[in-house]
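Read-outs throughout are calculated quantities, based only on the coordinates presented, and are distinct from any laboratory measurement. What you are looking at is a predicted structure, and each value in this text was computed from that prediction instead of being measured. Note that we place each Cβ from the backbone using ideal geometry, even for glycine, and neighbour counts take in every protein chain shown.
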Ligand SMILES: C[S@@+](CC[C@H](N)C(=O)[O-])C[C@H]1O[C@@H](n2cnc3c(N)ncnc32)[C@H](O)[C@@H]1O
């Protein structure tokens, strides 16, 4: 395993049960960020998936896998974390979900869509991942992925005269280095999660040089119902671009 894979599998093996709980139960800080912010934009880019053959790249605990199966898609998937995959299999009995890495996709058939929600953040080498996606995508097929917003992930929290603000400067936007975040573990020991910052320039150039064209893009904006359910999180995410989602097509 290369470093990225080791870091991601270690974190997600440790956090698997908690991650799935936080994603599926209504904990304000977490559930809202996915279900009312990232998921709606990504689902919009996916459009009508009925009858489409989709590869769930980094399927995690199988939340999207289940959602897309319900919408009529024919899904296969893989993930680097054994513990996440265990949950995904239990949640999606009978589906072909494999242990494997996006650096060496464990399938050699072709798909209509490759879909990677919040996974590429764990890749330092996007070019390698895109080359792998190309191998399993039909000509004219779509690669749809969501990530942390490249600008906002460089920000840090500060407080000025009692007002909480976010300013650029955690790292330089131009410095494509690893970002370290500590995820609180509700069962005790916290864990360091490592992600990889990329600039828009690198992302766009990687897309274009791998023979994809950008057909759609979304700055994830929270659903209106979040305003009432989670006012604090809504106030923040309706001003601050937290996630973004991309739809690119293989030429
Ligand atoms: C934030 S979770 C998202 C899971 C799922 N896509 C979802 O949206 O519910 C990130 C997932 O990416 C997986 N991952 C990270 N690096 C990977 C790699 N190199 N290959 C495959 N999966 C990877 C992790 O194990 C984890 O399950």
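Looking only at segment 19-30, residues that are part of a helix (DSSP H, G or I) and more than 12 Å from the ligand (Cβ to nearest atom) come to 3 in all. Under the condition of being part of a loop (DSSP other than H, G, I, E, B), near the ligand (Cβ under 9 Å from one of its atoms) and on the phi < 0 side of the Ramachandran plot, the residues counted in segment 44-97 number 4. Given the condition within 13 Å of the ligand (Cβ to nearest atom) and more than 16 Å from the chain's Cα centre (by Cα), answer yes or no: does some residue in segment 31-41 qualify? Looking through segment 31-41, none of the residues is within 13 Å of the ligand (Cβ to nearest atom) and more than 16 Å from the chain's Cα centre (by Cα). Would segment 79-98 turn up any residue that is more than 21 Å from residue 19 (Cα to Cα) and surrounded by 24 or more Cβ atoms within 10 Å (Cβ to Cβ)? No, segment 79-98 contains no residue that is more than 21 Å from residue 19 (Cα to Cα) and surrounded by 24 or more Cβ atoms within 10 Å (Cβ to Cβ). Residue check: residue 143 meets all listed conditions (1) within 13 Å of the ligand (Cβ to nearest atom); (2) touching a residue at least 40 places away in the same chain (Cβ under 8 Å); (3) within 19 Å of residue 212 (Cα to Cα) but one, namely (1). Checking residue 101 against (1) touching a residue at least 40 places away in the same chain (Cβ under 8 Å); (2) near the ligand (Cβ under 10 Å from one of its atoms); (3) in contact with a strand residue (DSSP E or B) (Cβ under 7 Å, 6 or more places away or on another chain), which test does it fail? Answer for residue 101: the failing condition is (3). Only one of the numbered conditions (1) within 12 Å of the ligand (Cβ to nearest atom); (2) surrounded by 16 or more Cβ atoms within 10 Å (Cβ to Cβ); (3) over 20 Å from residue 73 (Cβ atoms) is not met by residue 130, and that is (1). Checked against the criterion of being more than 15 Å from residue 60 (Cα to Cα) and in a helix (DSSP H, G or I), segment 104-118 has no qualifying residue. Note on segment 149-251: enclosed strands (runs of 3 or more DSSP E) holding 3 or more residues that are touching a strand residue (DSSP E or B) at 6+ places or on another chain (Cβ under 9 Å) and loosely packed, with under 15 Cβ neighbours inside 10 Å are 155-160, 163-168, 178-185, 212-219.
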